[in-house]
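See structure below.
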Amino acid sequence: MRTRILQITADLLAQSATADVSTRAVCEAAGIQQPTLYRMFGDKNGLIAAAVDYGFGSYLEGKRAAVPSADPVADLISGWDGHTAFALDHPNLYRLMYAPGLTVVPEAVGEAHALLRAVIERCAAAGRLRVPAETATRMVMSANSGVALSLITRPEAYPDPAISAAVRDALLADILTPAGADHPAAGAGGLAGAAITLAARLDESAGTPEGAILSPAERALLGEWLRLLSAPENP
């Protein structure tokens, strides 16, 4: 029953001209009473958040199942393009995912952030990141979602989807070190870039024999030092 209600809600949202749907319309389509709906989802916000998670399910499943390539930057580019494509194909669901008035935040928001962070950390471990991983993750997610929302909510001002690739390339040029650099400390990355790379490799080594060289206290202390060294003011 829950899955059927979510499918109906997602379908009604896709057909809506206002990216909204009433609980009465959902109940009528599902053949249930409103108290039943409220017992399952709490209120309309809970229903909408669950419907967004349901609608994003196949997209996130594909990202979870994706096999990382040998080039994390290529994976980052592919992820950006896939994010924009999903927004254009499912504009109403996407608008609701980031709707400021939605009091229940869809779980998909957090999962999308975590999946992006994993790709960013691979870029850092490869010596390609010039800003801390979490900063880069926030920059990429905010820019990608901002472009996507602009394309679907202001098509008259943003008629060409190619703006997404232009913003993507400009942002990546700002947060990534040049390809082929011998070492992040010997170029645009500087000391901060070297610290970012080492921090990412330290995280990757957790649970491995190599990582066991350091005690938990030593790992925590080294991690704190690397966090300080990765600050942008360390050229």
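The values are calculated or read from the model by the stated rules, or taken from the named source; none is laboratory data. As the structure is a prediction and not an experimental result, all values here were calculated from the model. Heads up, the Cβs are rebuilt from the backbone with ideal geometry, glycines too, and the neighbour counts pull from every protein chain shown.
Worth a mention:
- Long-range neighbours under 7 Å by Cβ, at least six apart or interchain, first residue more than 16 Å from S142 (Cβ to Cβ) and touching a residue at least 24 places away in the same chain (Cβ under 8 Å) within the range 166-177, second basic (K, R) and surrounded by 12 or more Cβ atoms within 10 Å (Cβ to Cβ): L176/R128; L176/R130; T177/R128; T177/R130
- Failed item, numbered, when A70 is tested on (1) modelled with pLDDT of 90 or more; (2) crowded, with 21+ Cβ neighbours inside 10 Å: (2)
- None of L228, L221 is at pLDDT below 80, part of a helix (DSSP H, G or I) and more than 21 Å from V140 (Cβ to Cβ) except L228.
- Which numbered condition A87 fails, given (1) in contact with a Phe, Trp or Tyr (Cβ under 7 Å, 6 or more places away or on another chain); (2) surrounded by fewer than 18 Cβ atoms within 10 Å (Cβ to Cβ): (2)
- The combined condition, being in a loop (DSSP other than H, G, I, E, B) and free of Cβ contacts under 8 Å to residues at least 40 places away in the same chain, is fulfilled by A157.
- Only one entry in V73, V52 is under 17 Å from V109 (Cβ atoms) and among the β-branched types (V, I, T), namely V52.
- Of all residues in the range 21-78 being among the aliphatic types (A, V, I, L, M) and free of Cβ contacts under 8 Å to residues at least 12 places away in the same chain, the one that is nearest to I5 (Cα to Cα): A65
- Any chance P209 is at pLDDT below 80, farther than 21 Å from I120 by Cα and not in a helix (DSSP H, G or I): yes
- With respect to the conditions (1) surrounded by 15 or more Cβ atoms within 10 Å (Cβ to Cβ); (2) within 29 Å of the chain's Cα centre (by Cα); (3) more than 20 Å from T103 (Cα to Cα); (4) small (G, A, S), A29 falls short on a single one, namely (2).
- Test result for A87, under 26 Å from I120 (Cα atoms), without any contact (Cβ under 8 Å) to a residue 12 or more places away in the chain and either part of a helix (DSSP H, G or I) or not acidic (D, E) (or both): no
- Residues in the range 128-154 that are in contact with a His (Cβ under 7 Å, 6 or more places away or on another chain) and either of a type in the set (D, E) or not in a helix (DSSP H, G or I) (or both): 0 in all.
- Which numbered condition P68 misses (of (1) under 24 Å from H113 (Cβ atoms); (2) in a helix (DSSP H, G or I)): (2)
- Residues (modelled with pLDDT of 90 or more, of a type outside the set (D, E, K, R) and within 24 Å of P100 (Cα to Cα)) located in the range 1-26: I5, L6, Q7, I8, T9, L12, S22, T23, A25, V26
- Residues of the range 1-20 satisfying the condition of being touching a residue at least 12 places away in the same chain (Cβ under 8 Å), aliphatic (A, V, I, L, M) and closer than 25 Å to L149 by Cβ: L6, A10, L12, L13, A14, A19
- Test: A112 is small (G, A, S), surrounded by fewer than 21 Cβ atoms within 10 Å (Cβ to Cβ) and part of a helix (DSSP H, G or I): no
- Of the criteria (1) within 23 Å of T137 (Cβ to Cβ); (2) touching a residue at least 60 places away in the same chain (Cβ under 8 Å), which one Y94 fails: (2)
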